[in-house]
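Readers should treat all values here as calculations from the given coordinates under stated rules, not as data from a laboratory. Keep in mind that this is a model prediction, so the values were computed, not measured. Cβ placement follows ideal geometry from the backbone for every residue including glycine, while neighbour counts extend to all protein chains displayed.
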Amino acid sequence: MGEIYRVHDFPDESAWLSGRLNGIGGSDASAVVGMNPYKTNIELFEEKTGRRIPEDISEKPYVIYGKRAEEHIRELFRLDYPEYQVEHHEFRILQSLSYPFMQASLDGELTDREGRRGILEIKTTNILQSMQYEKWKDRIPDNYYIQVLHYLLVTGYAFVVLRAHLVSDWGRDRRTTVKHYFIEREEVQEDLDMLLSEEKKFWAYVESGRKPPLILPEI
């Protein structure tokens, strides 16, 4: 398979963050289809057309925790799953050649023993209510599922491993539950086709400057 993405390596975090504004990234994708609990597709449209300044969440405790924990979790994954080769490139953005508005910043790139390429996605989440844990019980929450589908579209890779660290407090005891979710590209092709279609439609609205219809999340 020929290359389907272009690699952009940035000198520092500031330049990398600026580069992420130039298209649809993984954390944007769920808003495109109305599955982001924190942002609507209209708000995303306004950000991408310069009508709204994206909220700066870099100083929020959960963001700082996730950022600092990521490298250690990646090393734990290497120890737990030695059958994968794990690579990571700080401040790198992958840009789709077929759809240049689609881009990805990956927590890790994997190669399995058969030489297949895959994606490592890392999530750290504070579980404050039992309902939150239920969302992770047998499946990936919708917004994160859409995020990894987006990464599969950009990279053309064969699979995803999502490693989630679910942190909860029990009195004075802090507990971390580690869960792994394995996704094969061939098993989610219909969802990939749907997401590609929706992202193309959304970006057509961005390029035209016309506001898209509001997509309300399912209750």
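What the table shows:
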{"item": "Order of 73, 24 - criterion: other Cβ atoms within 10 Å of each residue's Cβ, fewest first", "result": "73, 24"}
{"item": "Radius 14 Å from Cβ of residue 158, net charge of other residues (Lys, Arg +1; Asp, Glu -1)", "result": "-2"}
{"item": "Long-range amide H partners of residue 124 with built H, under 5 Å", "result": "165"}
{"item": "Burial ordering of 203, 170, fewest other beta-carbon atoms within 10 Å first", "result": "170, 203"}
{"item": "Subset of 39/60; 123/211; 137/211; 39/135; 137/200; 67/137 violating a 26 Å alpha-carbon distance limit", "result": "123/211; 137/211; 137/200"}
{"item": "Relative pair counts by distance (%), Cα atoms of segment 1-86, 5 Å bins", "result": "3, 10, 14, 17, 19, 19, 11, 5, 2, 0"}
{"item": "Whole-Hz ³J(HN,Hα) from phi, Karplus 6.51 cos²θ - 1.76 cosθ + 1.60, for segment 160-168, glycine and proline x", "result": "10, 10, 9, 10, 10, 10, 9, 9, 9"}
{"item": "Mean separation of Cα contacts under 8 Å (6+ apart) over length of the chain, as relative contact order %", "result": "25"}
{"item": "Projected label distance in nm at residue 137 and residue 49, using a 7 Å step from Cα toward the beta-carbon", "result": "4.1"}
{"item": "Positive-end residue of 41, 88, 65, charge dipole of segment 15-169 with Cβ unit charges", "result": "41"}
{"item": "Under-5 Å amide H pairs with residue 102, H placed in peptide plane, nonlocal only", "result": "24, 96"}
{"item": "Cut-off 13 Å between beta-carbons: net charge of the residues surrounding residue 94, Lys and Arg +1, Asp and Glu -1", "result": "-1"}
{"item": "Backbone HN-Hα couplings from phi across segment 176-192 [Karplus 6.51/-1.76/1.60, Hz, Gly and Pro as x]", "result": "10, 9, 9, 10, 10, 10, 10, 10, 9, 3, 5, 8, 10, 4, 4, 5, 4"}
{"item": "Dipole of segment 60-178, positive end: most advanced residue of 127, 76, 148 [Cβ charges, Cα centre]", "result": "127"}
{"item": "More than 28 Å apart - percent of Cα-Cα pairs taken over segment 5-208", "result": "27"}
{"item": "Charge tally in the Cβ shell below 10 Å around residue 23, where Lys, Arg are +1 and Asp, Glu are -1, residue 23 excluded", "result": "0"}
{"item": "Integer Hz, Karplus 6.51/-1.76/1.60 couplings in order for segment 49-54, x for Gly and Pro", "result": "9, x, 8, 9, 8, x"}
{"item": "Two-decimal log10 I(q)/I(0) for segment 111-190, as the Debye equation yields it once each C-alpha is a single scatterer, q = 0.15 Å⁻¹", "result": "-0.58"}
{"item": "Label-point separation in nm, residue 175 to residue 214, each point 7 Å along Cα→Cβ", "result": "4.0"}
{"item": "Highest-first arrangement of 35-42, 109-116, where packing means the average Cβ count within 10 Å", "result": "35-42, 109-116"}
{"item": "Computed [θ] at 222 nm, deg cm²/dmol, the chain (DSSP H ≥ 4; -39,500 (n - 2.57); rounded to nearest 500)", "result": "-11500 deg cm²/dmol"}
{"item": "Highest average packing first - 90-99, 185-194, Cβ atoms within 10 Å", "result": "90-99, 185-194"}
